[in-house]
1. If the cut-off is 13 Å between C-alpha atoms, which aspartates and glutamates fall inside it for LYS232, apart from same-chain ones fewer than 8 positions away?
2. Can you give me the C-alpha center-to-center distance between segment 447-515 and segment 95-130, rounded to a whole angstrom?
3. What 222 nm value per residue comes from the helices of the chain, counting each DSSP H run with n ≥ 4 as -39,500 (n - 2.57) and dividing by all residues, nearest 500 deg cm²/dmol?
4. Using a simple charge model, +1 on the beta-carbon of Lys and Arg, -1 on the beta-carbon of Asp and Glu, nothing else, what dipole does the chain show about its Cα centre, in debye to the nearest 20?
5. Normalised by the residues of segment 315-466, what does the relative contact order come to in percent, with Cα pairs under 8 Å and at least six apart?
6. For q values of 0.11, 0.14, 0.19 Å⁻¹, compute log₁₀ I(q)/I(0) with the Debye formula on a Cα-only model of segment 479-553, without solvent.
7. How would ARG544, ARG210 line up from fewest to most surrounding beta-carbon atoms within 10 angstrom?
8. Please work out how much length the chain gains when fully extended from LEU500 to ARG235, using 0.36 nm per residue of separation minus the C-alpha to C-alpha distance, in nm with one decimal.
Amino acid sequence: MSAGVRAAPGTFDLTGPLPTGTTVLEASAGTGKTYAIAALVTRYVAEGVARVDELLVVTFGRAATAELRDRVRARMVGARDALADPATALTGTDEVVALLAQGDPAEVARRRDRLAAALAAFDGATVATIHQFCQQVLTSLGTAADVDPTASLVEDFSDLVEEVCDDLYVRFSLRPGAPPLPFGRKVALRIAREAVHRADAVLEPGGTTRDTPEDLRVRFAAGVRREVAARKRSRRALGFDDLLIVLRDALTAPVAGEVACDRLRRRYSVVLVDEFQDTDAVQWEILQTAFHGVCPLVLIGDPKQAIYAFRGADVASYLAAVDVAERTATLGTNHRSDPLVLRGVHALLRGAALGDRRIVVREVDPFRSAPALLRRGAPDPTPVRVRVVTRDGLPVTARTGVPAVADVRARVVTDVGAQVVGVLAEGLVVRERGTGPERPLRAGDVAVLVRTQSQAVAVQAELRRRGVPCVLSRGPSVFATPAARDWVTLLEAVEQPHRLQRVRRLAVSHLVGTSAADLDAAGEAATDALTAQLRAWGAVFAERGVAGLFAAVD
């Protein structure tokens, strides 16, 4: 069956046969990706398929890794404790524990012993980000990998990229007899950043006429890549993406590659990857080369998220894994969303293909049957509603003949405020978790999702104008506040107290509070005392740092 007409995957059963080959589990938000991974790890260990130190669990982001590690351990602890009383476990609500409690009592006891041994050795479990995993593997491969053992791992190379961009921009601009570059420094920096960020991407167009605008862009991008790589080597520095490329090259090398792969396969016998939609081409090539067709490789992710390219995610990599997988299935139950919300979303998006016929919005079942939102004495409310805001009556611009974007956005903000007020006035009732006590719907139950911080501020102002209490879940940066600007002014004055302009700017800040009129009337006397104070604060800063300076100023 071709990729374009692949049949819809079935629902994955956590109590069914354990995955043996490469398995892709398609998950939507709220369907329990982490729960499924923790349950599978528990089963692989309890059923004797792998020891805990033979398992590799990969996710994306350090915070997610810590949470996943805790969830896996807690799941194993719960299963171990429950198997102490198999009869009770058989009748419990945990279907995985009930499965492990079935069968010969001696085998059930062995399952519990395996879990106990795994928990005792849990520090040896590999639950890591893809970059942490690569770093560990490269260290273990030694000479089989072409990596400098003395190299430092650097998280951010943005300063180096900007440095190389400026050097090459000047070099390109000063070529004898060459035409001027057809793009400015700002565009050059954007080209440089993209070229380095997507180092595996092919630079197009190729084969263009020399010194045309297209040719100069491609050559500039290629030059930035080469120079950044050269300066990294000279400075003995590696980035996280460099780790991926070095490991990929080590695993695919003509001679040493098979030896490196064999070491990995002897180390890990089961591999599970969480948030697989965030995988890029290099990461998938590593996983495929090392583990596909050799051991159970379970890939869990939501392809609907991959289309946004978060964290460098590549839709093509996800689909490539689907194409080679022996099995694809879905996690079919949403444990988070209200059934009425799911019903509305399905009515809008069910079956929609998102950029590819293989990335489809699939219907999932709600875990709870009773809705949390009620309207007493009337039909069920409709929590998912589509609003069409017209532009009738808005002034149009002379150039385009359509309303200005700012005017349209202002009307949308006004409509959002009216809708929130209207919903709160409908007399709706909330039943906690679908079965708990009832209470009236209140403002704290309503969330408004926006795309930008400025839109959030505008909606907040509109709701407050209408008397609806409202807070921002993510407020503006602390560095953009007046207090932060005053501190910058202070630090600049402490750095160079001899510069009268900086001292005067500090004098009229909120930290000192001198008025402009008083500063002008007092002349140099107004700044002499402050200059002496700045020199004293400078000594405190040099000896005790920012914290000491803060205490002295306070």
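1. ASP148, GLU155, ASP156, ASP159, GLU163, ASP241, ASP242
2. What the calculation gives is 53 Å, centre to centre.
3. Working: 21 runs with 277 residues, N = 554.
Only helices count here, giving -16000 deg cm²/dmol.
4. Numbers: 70 positive and 67 negative charges, 223 e Å.
Magnitude of the dipole: close to 1060 debye.
5. Numbers: 138 pairs, mean separation 29.3, N = 152.
About 19 percent, as a whole number.
6. Treating every Cα as an identical point scatterer, log10 I(q)/I(0) equals -0.26, -0.41, -0.75.
7. Values: ARG544 13, ARG210 8.
By the 10 Å Cβ count, ascending: ARG210, ARG544.
8. Numbers: separation 265, 0.36 × 265 = 95.40 nm, distance 4.02 nm.
Here the segment from LEU500 to ARG235 would lengthen by 91.4 nm.
Computed from the coordinates by the stated procedures, all read-outs in this text should not be read as laboratory data. Predicted model, so just to flag it, every value in this text is computed and none were measured. With ideal geometry, Cβ positions are generated from the backbone for all residues, glycine too; neighbour counts draw on all protein chains shown.
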